[in-house]
Every structure is written in structure tokens, then in C-alpha cells.
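Scroll down for the structure; my scribbles are underneath it.
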Amino acid sequence: MSIIRRRRGDDFFNTFRDMQKDVDKVFNNFLTGGTASSIAMPSTDVYETDDEYVFEFELPGYTKDDVKVNVEDNVLTVSSEKEKKAEDEKKNYHVVERCYGSFRRQFSLPDNADVDAVKAKFNNGVLDLRVPKKEEEKKKTIDVDIEEE
């Protein structure tokens with residue numbers, strides 16, 4: 001794993017995402033022995049608009065029923081388990097490259113994320129999660145009258 005220097009102007013999410021990918025690779029190789037039977041971590045784009053945080057996961061070959069999404073203690077978790085189908089003995093396989101196994105991606109959400117209003121859509125192998133931002137409480141300024149004695 002390499003040391004990542006944070007330069008002025010670097011996006012916090014990009015730096016954190018790169019670190020998470022490195023850690024995911026280390027653990028994935030350790031747990032699976034680095035074999036081709038392990039499932040790859042899905043590619044994910046994370047960005048923010050004025051109103052929400054957006055997470056886009058590429059999950060080709062998955063259906064919405066294969067994927068589980070939850071939020072607990074301001075941590076967004078996306079996970080799945082893909083079981084290997086029994087190989088047809090009548091087929092004479094030369095190469096089997098499909099990946100089976102499980103993955104779990106977690107992202108810490110900022111304090112202003114409205115975790116009660118998360119929306120998810122699954123379309124053409126892409127899981128689109130949208131986490132709205134809470135409206136910021138406006139600071140109240142109260143003028144206090146000073147009495148003279």
C-alpha cells in the first residue's frame with residue numbers, strides 16, 4: 001500500500017476512495033488467496049450535488065434482489081453474495097472466468113446526510129443510491145436589550 005499525499009484542492013471522497021480500494025484489495029487477496037474465484041469489488045462513483053450525495057455502483061449480472069443496502073450509524077453498506085451455479089456436466093468447459101462469492105462496500109456518511117430518506121434504483125446493472133442532505137438549521141440571532149439601572 002502506498003502513502004497518499006493530500007494536496008490542496010484534492011477531493012476528500014477521491015482520496016478516501018483510493019485508500020479504501022487499496023485496503024479492499026489487501027483483504028480480498030488475503031481472504032481468498034488471490035484466486036480468480038473471488039468476486040471483484042464493484043466499481044463505484046461517489047459525488048455530491050447541492051442537494052444530495054450520489055453513489056453509483058456497477059453491478060453487471062446482478063439483479064435488485066441480489067443486492068442488499070442498509071444504513072446504520074451513518075454508515076452506508078452495500079453487499080451481495082453470488083453463489084456458483086452447478087456446472088452443466090454435458091458442457092465441455094475450456095475457460096470459466098465468472099466470479100462468485102460475496103462483496104461488502106461501506107461508506108461513512110457526513111453528519112448532514114438524511115439517512116431516513118435514502119432512495120435506491122437499479123437499472124441495467126447500475127445501482128443508483130441517493131442520500132439527500134438535511135437542511136441546515138439557520139442560526140438564530142437574538143438581540144438582547146440592556147436595561148439601565
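The values are calculated or read from the model by the stated rules, or taken from the named source; none is laboratory data. Predicted model, so just to flag it, every value in this text is computed and none were measured. Here the Cβ is made from the backbone with ideal geometry for all residues, glycine too, and neighbour counts use every protein chain on show.
Listed values, structure above:
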quantity	calculated
Verdict on Glu81 being in contact with a strand residue (DSSP E or B) (Cβ under 6 Å, 6 or more places away or on another chain), more than 25 Å from Asp114 (Cβ to Cβ), modelled with pLDDT of 75 or more and in a strand (DSSP E or B)	yes
Close pairs from the stretch 102-118: first more than 12 Å from Lys133 (Cβ to Cβ), partner of a type outside the set (Gly, Ala, Ser) and in a loop (DSSP other than H, G, I, E, B), Cβ under 6 Å, at least 6 apart	Phe103/Ile39; Phe103/Met41
Criterion violated by Gly125 - all others in (1) closer than 22 Å to Asp18 by Cα; (2) at pLDDT 90 or above satisfied	(1)
